[in-house]
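The structure appears below as structure tokens.
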Amino acid sequence: MSAVILALVLAAATEASPALDLRATVTGPSSGGGLTITVFRWSTDAERSPVVAAMAAPPPAPAPPAGAAAGRAAGRGGRAGGRGAPPPSPVARLSAAIKAAPTLGYIWSDGVTGYSIKYAWRAGDRIVLITERRLGAHAPWGLVPGPAPDAEYTLIEMRIDAKGTGEGKTSLSANVALDAAAQTLALDGYAAAPALLRITR
């Protein structure tokens with residue numbers, strides 16, 4: 001079954017009309033490309049919780065003093081055992097949580113490339129979406145790697161008006177942060193981030 005047919009089948013299985021249906025034009029150094037953004041439904045609180053928690057997890061505990069580590073190693077016959085693998089980074093934790101989330105919609109390029117939307121949140125004119133894969137990973141967008149070049153996901157934060165037009169910025173050029181007040185992930189410093197998408201109906 002082709003990706004396009006699969007998307008149509010999933011759309012038919014959901015509500016008659018999607019929760020969000022927008023067109024976007026890629027601007028900046030990769031201007032000219034188009035995207036179709038379709039969200040079938042918004043993430044539930046239970047679905048958002050693991051994704052938000054991945055960014056809210058406490059930092060790893062500091063390493064013990066050198067003297068204490070040496071003493072333990074000597075007690076084990078000189079081996080530096082007893083210390084497991086380092087804890088996963090925030091990027092790795094977030095990637096895992098996103099992959100485990102249900103698919104809530106799709107973003108399609110003008111070509112054949114599609115991206116699964118795994119996180120969808122809205123409050124008024126503010127919308128946050130997260131895709132499972134990095135936008136432009138298989139398309140010639142010519143983007144410079146952002147703050148987290150090893151991230152497999154892309155967070156898109158948009159501001160749209162009542163007509164459904166506006167702008168979108170992404171984690172391709174800004175860090176992902178926890179918005180504790182809204183209990184969602186968002187872009188760190190949205191106002192200063194460059195706009196990558198021009199949103200149209």
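The values are calculated or read from the model by the stated rules, or taken from the named source; none is laboratory data. Because the structure is a prediction, the values reported are computed rather than measured. Because the Cβ atoms are built from the backbone with ideal geometry, glycine has one as well, and the counts that use them run over all protein chains shown.
Just one of the listed residues (LEU10, LEU20) is at pLDDT 80 or above and surrounded by 12 or more Cβ atoms within 10 Å (Cβ to Cβ), namely LEU20. Summed over the stretch 90-99, residues that are surrounded by 14 or more Cβ atoms within 10 Å (Cβ to Cβ) and either of a type outside the set (A, V, I, L, M) or part of a strand (DSSP E or B) (or both) total 3. Residue pairs whose Cβ atoms lie under 7 Å apart, separated by 6 or more positions or on different chains, with the first residue in the stretch 21-33 and at negative phi and the second in a loop (DSSP other than H, G, I, E, B) and at pLDDT 85 or above, are LEU22/GLY164; VAL26/LEU196; THR27/ALA195; THR27/LEU196.
Highlighted here are the strands (runs of 3 or more DSSP E) found entirely within the stretch 100-201 that include at least 1 residues which are modelled with pLDDT under 90: 105-109, 114-123, 197-200.
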